[in-house]
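Working notes for the structure below.
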Amino acid sequence: MPKEETKTSHRRKIRGTVVSDKMDKTIVIKLVRFKRHPKYHKVYKVSKKFKIHDAKNEAKIGDEIIAESCRPISRDKYFNLIKIIKSNHD
């Protein structure tokens, strides 16, 4: 009997909140994480913005989404929109 191959995705998935949807087929999400200072042990927020390819223009500001890495679509875009978890506009 041949072994069944299970295909696992090695693509990076990120979850964030949409902060801009002004561009065509592109949204900007903000990814917030917490870091601890090595000496003083204070916990503080660090945020980063990513441009995500949204082919159908379905995500709006305030939505929480999941995106997956892909080949570079433009100079700044290398993530695709997978699904909208929480929508604020319906």
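The values are calculated or read from the model by the stated rules, or taken from the named source; none is laboratory data. Remember, predicted model here, so these are calculated numbers, not experimental data. Methodologically, a virtual Cβ is constructed for each residue, glycine included, from the backbone with ideal geometry; neighbour enumeration extends over all protein chains shown.
Here are the numbers for the structure shown:
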| item | result |
| --- | --- |
| Count of the range 72-84 residues which are within 13 Å of LYS60 (Cβ to Cβ) and of a type in the set (Val, Ile, Thr) | 1 |
| Condition check for ASN80: within 15 Å of VAL28 (Cα to Cα), in a strand (DSSP E or B) and polar (S, T, N, Q) | yes |
| Members of the range 1-31 that are surrounded by 13 or more Cβ atoms within 10 Å (Cβ to Cβ), on the phi < 0 side of the Ramachandran plot and touching a residue at least 24 places away in the same chain (Cβ under 8 Å) | ILE14, GLY16, THR17, VAL18, VAL19, SER20, ASP21, THR26, ILE27, VAL28, ILE29 |
| In the range 54-77, the residues that are under 13 Å from ILE29 (Cα atoms) and of a type in the set (A, V, I, L, M, F, W, C) | ALA59, ILE61, ILE65, ILE66, ALA67 |
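Residues are listed down the side, and each one gets a yes or a no for (1) of a type in the set (A, V, I, L, M, F, W, C); (2) at pLDDT 95 or above; (3) within 18 Å of ILE85 (Cβ to Cβ):
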{"position": "MET1", "(1), (2), (3)": "yes, no, no"}
{"position": "THR6", "(1), (2), (3)": "no, no, no"}
{"position": "LYS30", "(1), (2), (3)": "no, yes, yes"}
{"position": "PHE34", "(1), (2), (3)": "yes, yes, no"}
{"position": "ILE52", "(1), (2), (3)": "yes, yes, yes"}
{"position": "GLU68", "(1), (2), (3)": "no, yes, yes"}
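Quick grid of which residues meet (1) in contact (Cβ under 8 Å) with a residue 12 or more places away in the chain; (2) more than 14 Å from the chain's Cα centre (by Cα); (3) closer than 23 Å to SER9 by Cβ; (4) loosely packed, with under 11 Cβ neighbours inside 10 Å:
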position: ARG33; (1), (2), (3), (4): yes, no, yes, yes
position: LYS39; (1), (2), (3), (4): no, yes, no, yes
position: ILE52; (1), (2), (3), (4): yes, no, yes, no
position: ILE84; (1), (2), (3), (4): yes, no, yes, no
position: ASN88; (1), (2), (3), (4): yes, yes, no, no
